[in-house]
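The structure appears right after this line, and notes come after that.
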Amino acid sequence: MIQDLAQTLEALYNRYRVLNTGKVATYIPELAKADPDSFCIAVTMVDGTRHVVGDAECAFTLQSISKPLVFGHALTTVGRNIVIDLTGVEPTGRSFSSMVGLDEIGRPLNPMVNAGAIVTTSLLPGRTASERYQGLRAAIAHYTGELPELDQAVYESEKRTGDRNRALGYLLKDKGTIEGDIDEHLELYFKSCSPLTNTPQLANTAATLANFGVNPVTGHRALDETYIKDLLVVMLMNGMYNYAGRWAYEVGIPAKSGVSGGLMGVIPGVMGIAVYSPRLDEYGNSTRGLAACRELVEKYKLHIFDQNMLPWKR
Ligand code: DON
């Protein structure tokens, strides 16, 4: 059903490399140094076949794309009941760093916005801060295929400018949603935004989710199959910030974007897509990323509710 994919990706790359709408994120000063013209599209199929066009080597930080992975790691280590009880799964309809998105008893609405991710981060296991980060790093490596390095400059920049996240963290602590050393949890949250990756690794990550938890390139399991739908549902409902509803309506694949310009999309049972381009729209989503995903999904009819996606039609 998916024919001429390499040519399609090449055509998308050429069509959208000249799309110059959107702006590189500047609220974290270190992110503002990204080259606005960097662009890469990568696909990893569930059989491990890989395609890439553009700047495959260009490294960028995961930013919010780590949120589903942190969520998965929390589910694995402390269990679904505890995690869902503390974070919820409702869309916020607000920006990712909104202070308003807590429910009446002080819980975040979902783990894809900052408040929810600070909660899932607080649940990550380990005796020391370093052990907790190394555990997360190893978990990320199962998806990407490589142990990520931390971008120290971005991490420092996150910390320097992270007062709103601190405010959210302290509010969540005050409400009793977070326990333990809030400063250590916040450190870990800032670190979770700052591991380096690239577009082919991001396509592997999406393909691991598309392949029900097994990385199709390395053959290693990153996430128990039982938790796949947890991640895919929150990505579909909340993965694209306050554009998530329109994304589900028009594109209709579980996805997650980050303010560094990365975007991954999951076509369950078929493939993972990743795009990197740091020019962002007003919601914080990559403009070229949105355009390329939208066209790719439209061309092959990959919306999860499209006729083609029904298993008996494949
Ligand atoms: O918390 C922040 O400011 C960012 N590092 C979050 C990253 C992001 O991509 C937007 N998030 N939900």
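Figures for the structure shown
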{"quantity": "S286 vs. criteria touching a Phe, Trp or Tyr at 6+ places or on another chain (Cβ under 6 Å) and either modelled with pLDDT of 95 or more or not hydroxyl-bearing (S, T, Y) (or both)", "calculated": "no"}
{"quantity": "Listing of helices (runs of 4 or more DSSP H) fully contained in region 151-194 that carry 2 or more residues being within 13 Å of the ligand (Cβ to nearest atom) and open to solvent by 60 Å² or more (accessible area, probe 1.4 Å)", "calculated": "152-160, 163-174"}
{"quantity": "Where D47 falls short, out of the listed (1) surrounded by fewer than 21 Cβ atoms within 10 Å (Cβ to Cβ); (2) at negative phi; (3) touching a Pro at 6+ places or on another chain (Cβ under 6 Å)", "calculated": "(3)"}
{"quantity": "Members of region 257-306 found to be more than 16 Å from the ligand (Cβ to nearest atom), outside any helix (DSSP H, G or I) and open to solvent by 10 Å² or more (accessible area, probe 1.4 Å), listed by number", "calculated": "P268, G269, V270, K301, H303, I304, F305, D306"}
{"quantity": "First in region 228-243 and over 20 Å from Q63 (Cβ atoms), second anywhere and more than 11 Å from the ligand (Cβ to nearest atom) and outside any helix (DSSP H, G or I), Cβ under 7 Å, 6 or more apart", "calculated": "I228/F212; I228/G213; V233/V89"}
{"quantity": "Members of region 50-70 found to be open to solvent by 20 Å² or more (accessible area, probe 1.4 Å) and out of contact with any helix residue (DSSP H, G or I) (no Cβ under 6 Å at 6 or more places or on another chain), listed by number", "calculated": "R50, D55, E57, C58, A59"}
{"quantity": "T120 being in contact with a Phe, Trp or Tyr (Cβ under 8 Å, 6 or more places away or on another chain), surrounded by fewer than 21 Cβ atoms within 10 Å (Cβ to Cβ) and among the β-branched types (V, I, T)", "calculated": "no"}
{"quantity": "V119, sole failed condition from (1) in contact with a Leu (Cβ under 6 Å, 6 or more places away or on another chain); (2) modelled with pLDDT under 95", "calculated": "(2)"}
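The values are calculated or read from the model by the stated rules, or taken from the named source; none is laboratory data. Because the structure is a prediction, the values reported are computed rather than measured. Neighbour counts run over all protein chains shown; Cβ positions are idealised from the backbone, glycine included. All accessible areas refer to the heavy atoms of the entire protein, side chains included, with ligands and DNA or RNA removed. Shrake-Rupley method; radii C 1.70, N 1.55, O 1.52, S 1.80 Å.
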